[in-house]
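So the structure is just underneath, and the comments pick up after that.
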Amino acid sequence: MTRSTRIFMSCIYWAFVLYVFVPLILMVLMGFKDSKFIGFPITSWTLDWYVGVFEDAEILSTFGYSVAIAVLSTAISVVVGTWIAVVLEGRKFWGRAAMFGMTILPALVPGIISAIAFRIYARALGIEPGMGAIVWAHAVHNVPFVVLVVMARLSTLPKSQIEAARDLGADPFVAFLRITVPYLVPAIIGASIFCLLLSFDDFVRSFFLGGYEPTLPVLIFAKLRSGMSPEINAIATVALVLTAVVGVWAERFTRRTNKEA
Amino acid sequence: MSQDVAAAGRRRDAVSGSDGSPVFWGRLIASAPYRALMALIGTSPTRQFVLLAALPVLWVLTQHLGPMLQMLRVSFTDAYPVAVGAEQNFTFDNYLRFFGDSIFWMPFFRTLTFAAVFTFCTLIITYPVAYFLARHVSPKNRMLMLLLLLIPFWVGEIVRTYAIMILLGNTGAVNLALRTLGLIDRPIPFMYTSFSMGAGIVYLTALYMLLPLYSALEKLPKSLNEAAADLGAGAWTRFRRVTLPMTLEGISSGCTLVFLISTGFYATPVLLGGPSTTVFAETIAGFFHVAGDEWPTGAAFATIMFFAALVITFAFQRVMKALRKGDS
């Protein structure tokens, strides 16, 4: 590989870095613009839009609503997903491949179709649009990700540890609680954070299953349809900082625990 | 079971404290409710497994498969939700409606074409990046440089779509830069075209292409390329005959993911696209904003879209498999 190709390749990488970062940086900057009109150049700066976000009760309650939905749906996804993973990874059984296929189905259905299917099914189940419906749809949609992460971790669990626990008097259930569950904790934490972010960022399911109260992405979408304003930038920036910080922390956490394991 | 506990107690172990007395777990095993529960579950491994698997199987059938089956069922009816006193009849009309009007099938074919084109663009853009990371960067820096790229992808769909709107607007950064450089007099109307939509969708899906490509390229032994070079192959030949065939699997899974995701976007085309770029997701959504009797048509259209996406993905994977076999 010649030197010039290497330089050329690294230029491509840094151009890609620019492509993924510049739009977000510009969006953040625009939230500091002292004018109602979105557009460059920015001549004077202000913090008013951010102050406005934290003074607006509606926006703050939307934040709380989105976080509550994320936490509740993640709790369901993690319990169900771990349970499914234990069954799938446990032993061979008839229909295992079919069950695995059905398990990851919600992750493969394109967004709009998944939202529509949930909307129709919610009506069949008698779930009214609103928080319950969103929590349910997010929970089902996120289960496959938990299953995949937990299954990957389970497959590396040394069977000898379970056998040792059994030899020492633990029955299968206690062995599961005392050996398997602690071993799974890093995977479960990683999967939880991934689910939290998926739920917090989700638009299409929240949009079709929501009632009158919007989640944060739905609120931003609604505001965008009635016109761009630096206020939206300020809201979006707060959401961005929240998700990026949680995401980076999770990434570091999983890497650390993977190294230890 | 009590024998087990006694044995456990003597051995300082999983269920006992250091002084040999049963701790929480030992007491739990010995407690009456727990033993009653275990007696109910029984000792047969098959019985235990069936009890363990019952709930997950039920969940997967009712929650994962259920919504799709219900959508399929509703798509063959003439009314949903059924009005009080009315009857629900079986019908193919919802599907026939799709072929009857170009206002329906135009967005459908547009969506599939766009998804294919955007997937290809994503592949072209991310392949060199993945290649550079996997082959040219030292393993120590590799993880950091990959992590750097992951950060923006933690940010949600709507926020990133909005970022693209700001970038490409008439008073956006790109137009400002071009004007400052003196390349244009009037702003170029990037927004509300298939270009702005493509920029947004590639932006949203790039990671799902990058990661499979990266792991495929990382697994590729360097020695293969060196052997090819020893045999006199030039850089382009080495890429075409060694690297590309060996990473077809990564390309295949990346493209499948990105294609499926691209067909499902709703908010991004609404915000970044214009009247001439209406995608099928918007058509489907339209049936759910109005009165309930349009739901079956929406369900039928969503079903058509789902099966079309599945068929294309399967066909694509078959072709990729054939290519892989043909090369080896």
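The values are calculated or read from the model by the stated rules, or taken from the named source; none is laboratory data. Everything numeric in this text was worked out from a predicted model, so none of it was measured. We place every Cβ from the backbone using ideal geometry, glycine too, and count neighbours over all the protein chains shown.
Brief remarks follow.
- The single residue among A:Ala165, A:Ala170, A:Ala175, A:Ala137 that is under 21 Å from A:Leu72 (Cα atoms) and surrounded by 14 or more Cβ atoms within 10 Å (Cβ to Cβ) turns out to be A:Ala137.
- Filter result (of a type in the set (A, V, I, L, M) and touching a Phe, Trp or Tyr at 6+ places or on another chain (Cβ under 9 Å)) within the range A:54-102: A:Leu60, A:Val67, A:Ile69, A:Ala70, A:Ile76, A:Val80, A:Ile84, A:Val86, A:Val87, A:Leu88, A:Met99
- Here the condition is being surrounded by fewer than 17 Cβ atoms within 10 Å (Cβ to Cβ), within 13 Å of chain B (Cβ to nearest Cβ) and small (Gly, Ala, Ser); of A:Gly52, A:Gly31, A:Gly90, it holds for A:Gly90 alone.
- Verdict on A:Thr62 being among the hydroxyl-bearing types (Ser, Thr, Tyr), buried (at least 18 other Cβ atoms within 10 Å of the Cβ) and more than 7 Å from every other protein chain (Cβ to nearest Cβ): yes
- Qualifying helices (runs of 4 or more DSSP H) (wholly inside the range B:90-166; at least 2 residues being at pLDDT 90 or above): B:102-136
- Filter result for the condition that a residue is within 30 Å of A:Arg119 (Cβ to Cβ) and out of contact with any Asp or Glu (no Cβ under 8 Å at 6 or more places or on another chain), over A:Ala234, A:Ala152, A:Ala244, A:Ala191: A:Ala191
- Yes/no for B:Ala300 being assigned to a helix (DSSP H, G or I) and within 30 Å of B:Gly66 (Cα to Cα): yes
- Failed item in (1) surrounded by fewer than 20 Cβ atoms within 10 Å (Cβ to Cβ); (2) in contact with a helix residue (DSSP H, G or I) (Cβ under 8 Å, 6 or more places away or on another chain), with A:Ile7 passing the rest: (2)
- Checked against (1) within 30 Å of A:Arg256 (Cα to Cα); (2) within 7 Å of another protein chain (Cβ to nearest Cβ); (3) exposed (fewer than 14 other Cβ atoms within 10 Å of the Cβ), B:Ile151 meets all criteria but (3).
- So A:Ile116, is it touching a helix residue (DSSP H, G or I) at 6+ places or on another chain (Cβ under 7 Å) and crowded, with 20+ Cβ neighbours inside 10 Å: yes
- Scanning the range A:96-105 finds one or more residues that are surrounded by fewer than 18 Cβ atoms within 10 Å (Cβ to Cβ) and of a type in the set (Lys, Arg).
- Once the range B:154-164 is narrowed to residues that are within 7 Å of another protein chain (Cβ to nearest Cβ) and in contact (Cβ under 8 Å) with a residue 60 or more places away in the chain, the residue that is surrounded by the fewest Cβ atoms within 10 Å (Cβ to Cβ) is B:Glu157.
- In the range A:118-132, of all residues being away from chain B (no Cβ under 12 Å) and touching a residue at least 60 places away in the same chain (Cβ under 8 Å), the one that is nearest to A:Val71 (Cα to Cα) corresponds to A:Met131.
- Looking only at residues of the range A:4-58 that are part of a helix (DSSP H, G or I) and of a type in the set (Asp, Glu), we find that the one that is nearest to B:Tyr131 (Cα to Cα) is A:Asp48.
- Within the range A:229-251, the set of residues being more than 7 Å from chain B (Cβ to nearest Cβ) and touching a residue at least 60 places away in the same chain (Cβ under 8 Å) comprises A:Ser229, A:Pro230, A:Glu231, A:Asn233, A:Ala234, A:Ile235, A:Thr237, A:Val238, A:Ala250.
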